[in-house]
Amino acid sequence: MDFRLGERSELFRKEVTEFLDEVLTPEVLERCHRTGVNHDPAFSQAVREKGWLALGWPVEHGGQGRDPIEVLAYSEETQRRNAPVYGISTTMMVASVINQVGTEAQKAEILPRAFRADVVIALGFTEPENGSDAAAAATRAVRDGAGWRITGSKMFTTNAHIADYVFMLARTDPDVPKHQGLTTFLLPLDQEGVEVNAVHTISGERTNVTFYNDVYVDDAWRIGEVNGGWRVMSVAFASEHSASFSGEQARLLDAFTAWARTTTREDGAAKTADSAVAERMGRTVTELEVSRLLARRGAWYKATGARELHSRGPMSKLFSTERLQTQADATLQLIGPDALRAWGDPTTLEGGTIEHMVRHAKGTTIYAGTSEIQRNIIAQHALGLPRG
Ligand SMILES: Cc1cc2nc3c(=O)[nH]c(=O)nc-3n(C[C@H](O)[C@H](O)[C@H](O)COP(=O)(O)OP(=O)(O)OC[C@H]3O[C@@H](n4cnc5c(N)ncnc54)[C@H](O)[C@@H]3O)c2cc1C
């Protein structure tokens, strides 16, 4: 048994870190911090030039055919550096869905633009009254001639204010069991009846609430079968099973370590000599190692197509995000008020990373499936318990 990631992925990781050193300029990071938007057109173009928009896609579909272990190395390093990849990831996720279940016309319209990084697609699943239970979507799509009329609202439609389309789940038949009456659409956002309002979150991320008032969408923008939306969603979420936030843990630990090495106590010794600091570091680095192993095992299950991915993938997301929250809170408590000085303050510690992580970590146990939902899935798939 070999727990290492292999030479190929480690070489690729090195290439990714060198790329990030070059393109994550202070200007790019400043823009992302100031706006709370985890998308940057200049950064996306640089990723496109490397051919990394579709790392894991098969070569014959325009990707690089990299295995899940290499894709994991990329996501660990981009997370570690807080690179603005969210817009790319939602866009490429929807592009992948279209590639698998879309019409030839949809592929011709969307895929070349996705590969040029000149289209942004937001996700419109969550609603004000339905989040974890996305299948309870109440936004209606009603037939109107050659198209549909959409009416309803979506909550947390991140990037909708800069996106060209929203990939939306809408109810097309209210009279059948909830999973059977849903259809997915790719709705152009720049049109009458669409309203996008900012929602600023504690984590600093700007997201949106979006309203759709009798918005017309041609049937050509329906993705998949009428009332087949839940099957399309399972294609969309297939890649979400082994999400990990180990890269975020590494970012926090990098900042904590840098602080401890460069800050001195009253006796002149470095903070690393403090037993409380050393104890916290030992704990954090151990938990980071467990997160990395869970993520790597998830990637390995993915590469081998093993069924265990359904239970082990959620363990990776659950463990890495819950530990991240505890670590951020504990680090703040240990350093004290100095760590509360935020990004932008000239006296801030480590670029405000610790203060930012305390806030940012809160959202990680909510999006991509809350901790409670992950625990239910684990109980169901790992122990064979009934659906929670
Ligand atoms: C910063 C941010 C960005 C986001 N971006 C997007 C986006 O781009 N697109 C998008 O569609 N969504 C997005 N989301 C939404 C996110 O996916 C939802 O917030 C999440 O799915 C939870 O849904 P909810 O907020 O409606 O909470 P609810 O589902 O109402 O849950 C409330 C509480 O009840 C618990 N709960 C719910 N059901 C169960 C159950 N069956 N068993 C046990 N406990 C349960 C939950 O765990 C939670 O603690 C984003 C959220 C945030 C915070």
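The values are calculated or read from the model by the stated rules, or taken from the named source; none is laboratory data. These numbers were taken from a predicted model, which means no experiment stands behind them. For neighbour counting, all protein chains shown are included, and Cβ atoms are generated from backbone atoms with ideal geometry for every residue, glycine included. Remember, those area values only see protein heavy atoms, side chains included, never the ligands or the DNA or RNA. Shrake-Rupley method; radii C 1.70, N 1.55, O 1.52, S 1.80 Å.
Structure summary
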{"read-out": "Boolean, Leu29 is open to solvent by 40 Å² or more (accessible area, probe 1.4 Å), out of contact with any Phe, Trp or Tyr (no Cβ under 6 Å at 6 or more places or on another chain) and not polar (S, T, N, Q)", "value": "yes"}
{"read-out": "Criterion (open to solvent by 60 Å² or more (accessible area, probe 1.4 Å) and either within 24 Å of Ile366 (Cβ to Cβ) or assigned by TED's automatic domain parsing to the domain that holds Gln79 (or both)) met by exactly one of Arg307, Arg312", "value": "Arg312"}
{"read-out": "Single match in Ala146, Ala138, Ala114 (criterion: over 30 Å from Gly204 (Cα atoms) and hydrophobic (A, V, I, L, M, F, W, C))", "value": "Ala146"}
{"read-out": "The range 83-111, residues that are closer than 15 Å to Val47 by Cα and out of contact with any Leu (no Cβ under 7 Å at 6 or more places or on another chain)", "value": "Pro84, Val85, Tyr86, Gly87, Ser89, Thr91"}
{"read-out": "Considering residues of the range 138-155 that are within 16 Å of the ligand (Cβ to nearest atom) and open to solvent by 20 Å² or more (accessible area, probe 1.4 Å) only, the residue farthest from Thr172 (Cα to Cα)", "value": "Met155"}
{"read-out": "Condition check for Ala73: in contact with a helix residue (DSSP H, G or I) (Cβ under 8 Å, 6 or more places away or on another chain), open to solvent by 50 Å² or more (accessible area, probe 1.4 Å) and assigned to a helix (DSSP H, G or I)", "value": "no"}
{"read-out": "From Ala108, Ala114, residue being away from the ligand (no atom under 16 Å from the Cβ), open to solvent by less than 20 Å² (accessible area, probe 1.4 Å) and closer than 17 Å to Pro188 by Cα", "value": "Ala114"}
{"read-out": "Filtered residues of the range 351-375 (kept if in a helix (DSSP H, G or I), over 16 Å from Ser316 (Cβ atoms) and not small (Gly, Ala, Ser))", "value": "Thr353, Ile354, Glu355, His356, Met357, Val358, Arg359, His360, Lys362, Glu372"}
{"read-out": "Enumeration of residues in the range 379-388 that are in contact with a helix residue (DSSP H, G or I) (Cβ under 6 Å, 6 or more places away or on another chain) and within 12 Å of the ligand (Cβ to nearest atom)", "value": "Arg387, Gly388"}
{"read-out": "Members of the range 41-92 that are among the polar types (S, T, N, Q), within 16 Å of the ligand (Cβ to nearest atom) and without any contact (Cβ under 8 Å) to a residue 40 or more places away in the chain", "value": "Ser89, Thr91"}
{"read-out": "Only listed residue being closer than 30 Å to Met155 by Cβ and charged (D, E, K, R), chosen from Glu355, Glu308, Glu350", "value": "Glu355"}
{"read-out": "Residues of the range 179-231 satisfying the condition of being within 14 Å of the ligand (Cβ to nearest atom) and not in a strand (DSSP E or B)", "value": "Leu189, Thr201, Ile202, Ser203, Gly204, Glu205, Gly229"}
{"read-out": "Single residue of the range 135-173 satisfying the filter (among the β-branched types (Val, Ile, Thr) and out of contact with any Lys or Arg (no Cβ under 6 Å at 6 or more places or on another chain)) that is nearest to Thr364 (Cα to Cα)", "value": "Thr158"}
{"read-out": "Candidates Gly6, Gly65, filtered to the one that is more than 22 Å from the chain's Cα centre (by Cα), on the phi > 0 side of the Ramachandran plot and not aliphatic (A, V, I, L, M)", "value": "Gly6"}
{"read-out": "Residue among Ala135, Ala163 that is of a type in the set (A, V, I, L, M), within 16 Å of the ligand (Cβ to nearest atom), outside any helix (DSSP H, G or I) and not assigned by TED's automatic domain parsing to the domain that holds Arg31", "value": "Ala163"}
{"read-out": "Criterion: among the β-branched types (Val, Ile, Thr) and near the ligand (Cβ under 9 Å from one of its atoms) - qualifying residue of Thr353, Thr370, Thr347", "value": "Thr370"}
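Here is a yes/no grid of residues against (1) surrounded by 21 or more Cβ atoms within 10 Å (Cβ to Cβ); (2) within 16 Å of the ligand (Cβ to nearest atom); (3) not assigned by TED's automatic domain parsing to the domain that holds Gln79:
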{"position": "Lys317", "(1), (2), (3)": "yes, yes, yes"}
{"position": "Asp329", "(1), (2), (3)": "no, no, yes"}
{"position": "Leu334", "(1), (2), (3)": "no, no, yes"}
{"position": "Leu340", "(1), (2), (3)": "no, no, yes"}
{"position": "Trp343", "(1), (2), (3)": "no, no, yes"}
{"position": "Met357", "(1), (2), (3)": "yes, yes, yes"}
{"position": "Ile366", "(1), (2), (3)": "no, yes, yes"}
{"position": "Arg375", "(1), (2), (3)": "no, yes, yes"}
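Table: residues versus (1) without any contact (Cβ under 8 Å) to a residue 24 or more places away in the chain; (2) surrounded by fewer than 14 Cβ atoms within 10 Å (Cβ to Cβ); (3) in a helix (DSSP H, G or I); (4) within 27 Å of the chain's Cα centre (by Cα).
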position	(1), (2), (3), (4)
Ala250	no, no, yes, yes
Ala255	no, no, yes, yes
Trp259	no, no, yes, no
Asp267	yes, yes, no, no
Glu279	yes, yes, yes, no
Gly282	yes, yes, yes, no
Val285	no, no, yes, yes
Ser291	no, no, yes, yes
Ala295	no, no, yes, yes
